[in-house]
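The values are calculated or read from the model by the stated rules, or taken from the named source; none is laboratory data. Computed from a prediction, not measured in an experiment: that's the story for all the values here. Quick reminder, even Gly has a Cβ in these numbers, built from the backbone with ideal geometry, and neighbours come from all protein chains shown. For accessibility, only protein heavy atoms count, side chains too; no ligands or nucleic acids. Shrake-Rupley method; radii C 1.70, N 1.55, O 1.52, S 1.80 Å.
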Amino acid sequence: MLCGPSCDTVPSGALVTESITYMNDDSELIEVEALEIPSAELRWHCDEDWLTFTTTADLEPIRGVVGQDDAVDALRFGLEIDAPGHNIYVRGLTGTGRATTVEQLLAEINPPCPPTADRCYVHNFMQPDTPLLVTLPRGKGALLVKRIDSLVLFVEEQLAPELASDTIRARRGALDDTAQESVRELGKPFEDELRENDLALVPLQLGQMVQPTILPLVNGEPVPLNKFEELAAQEEGGSDRIEIVHSKISEFAKRFEELSQKIHQIQIEHSQALKSLYENEARRILDFHVSRMQAEFPEEAVQAHLENVIDDLVVHRLQVLGKEEADFTRLYRVNPILSRDSHGACPVVRETSPTLQNLLGHIDREFSAAGAFRSDHLMIHAGSLLRADGGYLVLEARDVLAEPGSWKILLRALKTAQLEIVPSELSYVWSGPLLKPEPIPLRVKVVLIGDPGLYQMLDRYDPDFPFLFKVLADFETTVPRDANGVRYYAGVLARIASEEKLLPFDRAGVMAMTEHGARIAGVRNRLTTRFGRLADVAREAHFVAVQSGLSIVSRAEVYTAIQRGRHRADLPARSYRKLITDGTIRIQTQGEQIGQINGLAVIQAGPLTYGFPSRITASIGPGTAGTVNIEREAELSGSIHTKGFYILGGLLRNLLRTRHPLAFSASIAFEQSYGGIDGDSASGAEMVCLLSALTNLPLRQDLAMTGAIDQLGHIQPIGAVSEKVEGFYQVCKDIGLTGDQGVVIPRTNAGDLMLNPDLLEVCDRGEFHVYAVDTIHEALQLFTGWVPGILDESDQYTQDSLLQLAQARALEYWKMISASRLDK
């Protein structure tokens, strides 16, 4: 193995104590004295002087939302402005108080409501499948319903008796008498002439019909024609008499047909006169009863509906008036689909289940006696969009997007400012006879609550979204970690304890909760605003204290609650560590290996994150394939991980500065990893591993590394740094601590550390270490014990340095490839 002086001066597995020197991007020599982070800096401790109370029972609870001033200002602006497209997207993570803030602000500022109208549907007598919209001033919808119901009740119970009054009966009798007199005046001369010719007009029953028939008279009595013929045949000259009678009957029958037509015309005129009598009287009576409504409701749509009701009733319904089987008055009633008090508050609707029908409304159906489904205008019901007309509709973005058709219909309603209860392209939702109610003008402001990922997706892929949701209320996930922030925490805990009847928290308990908030934030000098998670811890800490018979929640109960919560969700992590301990998954925590390093990854279990080590290996040799990402070739690599991997090639060229092409084939793999891999937090470890394989220098296996890298060799920050450190510590603890084990993290993450108290004690005793590095040079010396080397003006590194060795090996590979090409 090629080696430099450091091999003799640095024991295997030991930390280089002398300073590390390397050249930065500006050709300046950088010397780093200390890499290990002191145990006092591995966890932030809340300053007790910031808390001046004994328990949270002494505090005034904070009722508002903490640390969201910018979001509140934006939300207030969005709620109060009345301008097109100024709907609001409330962006933030769950538990940051988004929904609570919206509800509190809507209740607090009582934003002004634009004047809105009541909406009613009435029957369309011309097109029954298209109910007509009646728009009324706010507060008049219910009054119209009351007036129409009163009219319907009158029609059902009183109109028929009024049309049967003595006056109307007398007028009908006069019409009957006139018609009968006209018939008599036409028929009497005809009947007299028949009698003079020994004939008579006699009604005969023919089956179920009565038909007037001309018959001969015998001794003054009418007799059937066949009997008359028998009697006449017995007399002398009877045949002549029969022939004469037949001739007369034929002649009079023709005249009777003409007379019948005249009588029928009189009957028609009589029926029309009777119909006109009842229609005119019905109109007169109804006009009297609706005149008040016509004065109360000058709206054109109401006037038209009243006229249609009277016309339908007079023209089509008088014949069945008063009959039990008649059920036509339903057509006259009004459906107040949206009716509000004239002085009511601004509507605020929170739709928790934004299905298509819940947003738009729905139309009931019933099974008719004819054996089919039917619907009418009274079966139309308002949805949340209409109920929020003139006010605010609060929706969860994820819920709307999860419901088929809901997002499309919501945007259409906002764009067109109209509501179609049954959109044409979605009519399949309603089977049976389809109603197509008139669209309703809509004026609603939507408050959409969602997370940053959804906002980014909608903004990128929906062209209408930026123009319909112009107001963004961005909720911070953290607040400053200072005295004010800690006091906020205390006030919020006081509120939670007060509202939920929890035991009070003492100062130590509040400090522990605040420190846990710092850990959740995962960012230096910040505290999380995801108070939903903290409230869960507070409730469990209360439970632990009650179970222990305590009257106050302190630090120990908070720690216990945190540990219990993590333990319930960390079965996958424990199972994984057991596989490592059993040797099923190969992870080394001692010794050295060439081309092998412990990277760090995380898994999610609900809101909790768990770290674990992952073995990364590299192999290299002469060739032209460059560096191969095995995960990418196996289609297990995510886009960010792939990007981080490609950066390695640029960094390698930047480090080696060779005057010849890099001629090697290398592969890097996450061993025993069978699922997808994403993120670039392992790219620093991959670079260390690749250089180990290139130089044939072993790497310490008692260290694990996390950190992204750029093409200039800077180790960049990553997420979940505390969880990753704890994950490797747990594995080392399970296998056995040696006192030399530790984790290498980016220096920019050092202030983010919030290690758990148990690990902090171990670090205090020097049994586990956390190192912070700025560059790949520092990481290389930590893992190999070799100095990285300094680049001179001729792009050559210090003799017997690690990068000089890498340059030499790269040159050796290039010569081998060049020689093989010459041989061919």
In the range 537-555, which residues are over 23 Å from Pro607 (Cβ atoms) and either open to solvent by 40 Å² or more (accessible area, probe 1.4 Å) or touching a Lys or Arg at 6+ places or on another chain (Cβ under 6 Å) (or both)? Val546, Gln547, Ser548, Gly549, Leu550, Ser551, Ile552
Among the residues listed as Asp482, Asp451, Asp462, the single one being among the charged types (D, E, K, R), open to solvent by less than 40 Å² (accessible area, probe 1.4 Å), out of contact with any Pro (no Cβ under 9 Å at 6 or more places or on another chain) and more than 15 Å from Leu410 (Cβ to Cβ): Asp451
Identify, from the list Ser271, Ser276, the residue that is within 30 Å of Phe154 (Cα to Cα) and open to solvent by less than 60 Å² (accessible area, probe 1.4 Å). Ser276
Would you mind stating whether Thr560 is at negative phi and in a loop (DSSP other than H, G, I, E, B)? no
Residue list for the range 485-495, restricted to those being open to solvent by less than 40 Å² (accessible area, probe 1.4 Å) and either in contact with a Pro (Cβ under 7 Å, 6 or more places away or on another chain) or in a loop (DSSP other than H, G, I, E, B) (or both): Gly491, Ala494
Only listed residue being closer than 19 Å to Ala71 by Cβ, in contact (Cβ under 8 Å) with a residue 40 or more places away in the chain, among the aliphatic types (A, V, I, L, M) and in contact with a strand residue (DSSP E or B) (Cβ under 9 Å, 6 or more places away or on another chain), chosen from Ala512, Ala518, Ala538, Ala473: Ala473
Residues Ile594, Ile616, Ile585: which one is crowded, with 16+ Cβ neighbours inside 10 Å, in contact with a strand residue (DSSP E or B) (Cβ under 7 Å, 6 or more places away or on another chain) and over 24 Å from Pro717 (Cβ atoms)? Ile594
Within the range 626-679, which residues are at pLDDT 60 or above, assigned to a loop (DSSP other than H, G, I, E, B) and not charged (D, E, K, R)? Thr658, His660, Pro661, Leu662, Ala663, Gln672, Ser673, Tyr674, Gly675, Gly679
Per the list (1) more than 24 Å from Gly583 (Cβ to Cβ); (2) surrounded by fewer than 18 Cβ atoms within 10 Å (Cβ to Cβ), residue check on Ile735 breaks on (1)
For the range 438-470, which residues satisfy the criterion of being part of a loop (DSSP other than H, G, I, E, B) and either farther than 21 Å from Gly78 by Cα or touching a residue at least 12 places away in the same chain (Cβ under 8 Å) (or both)? Glu438, Pro439, Leu442, Arg443, Val444, Asp451, Asp462, Asp464, Lys470
Index of the failed condition, Leu144 passing every other in (1) of a type outside the set (D, E, K, R); (2) open to solvent by 30 Å² or more (accessible area, probe 1.4 Å); (3) in a helix (DSSP H, G or I): (2)
Quick check, is Ser722 open to solvent by less than 10 Å² (accessible area, probe 1.4 Å) and outside any loop (DSSP other than H, G, I, E, B)? yes
Residues of the range 496-522 being open to solvent by 10 Å² or more (accessible area, probe 1.4 Å), closer than 20 Å to Gly92 by Cβ and within 30 Å of the chain's Cα centre (by Cα), in sequence order, are Ile496, Ile520, Ala521, Gly522
Of the conditions (1) closer than 30 Å to Asp464 by Cα; (2) buried (at least 16 other Cβ atoms within 10 Å of the Cβ); (3) modelled with pLDDT of 85 or more, the single one that Asp70 does not satisfy is (2)
Over the range 332-353, the set of residues part of a loop (DSSP other than H, G, I, E, B), hydrophobic (A, V, I, L, M, F, W, C) and closer than 28 Å to Ala99 by Cβ is Ala345, Cys346
Looking across the range 465-490 at residues that are under 20 Å from Phe53 (Cβ atoms) and of a type in the set (A, V, I, L, M, F, W, C), the single one that is nearest to the chain's Cα centre (by Cα) is Val479
Checklist (1) touching an Asp or Glu at 6+ places or on another chain (Cβ under 8 Å); (2) small (Gly, Ala, Ser); (3) modelled with pLDDT of 85 or more; (4) crowded, with 17+ Cβ neighbours inside 10 Å applied to Ala179, failing item: (3)
Condition test on Val315, is it hydrophobic (A, V, I, L, M, F, W, C), open to solvent by less than 70 Å² (accessible area, probe 1.4 Å), within 30 Å of Ala413 (Cα to Cα) and in a helix (DSSP H, G or I)? no
So is Pro216 in contact with a Phe, Trp or Tyr (Cβ under 7 Å, 6 or more places away or on another chain) and either free of Cβ contacts under 8 Å to residues at least 60 places away in the same chain or surrounded by 16 or more Cβ atoms within 10 Å (Cβ to Cβ) (or both) or not? yes
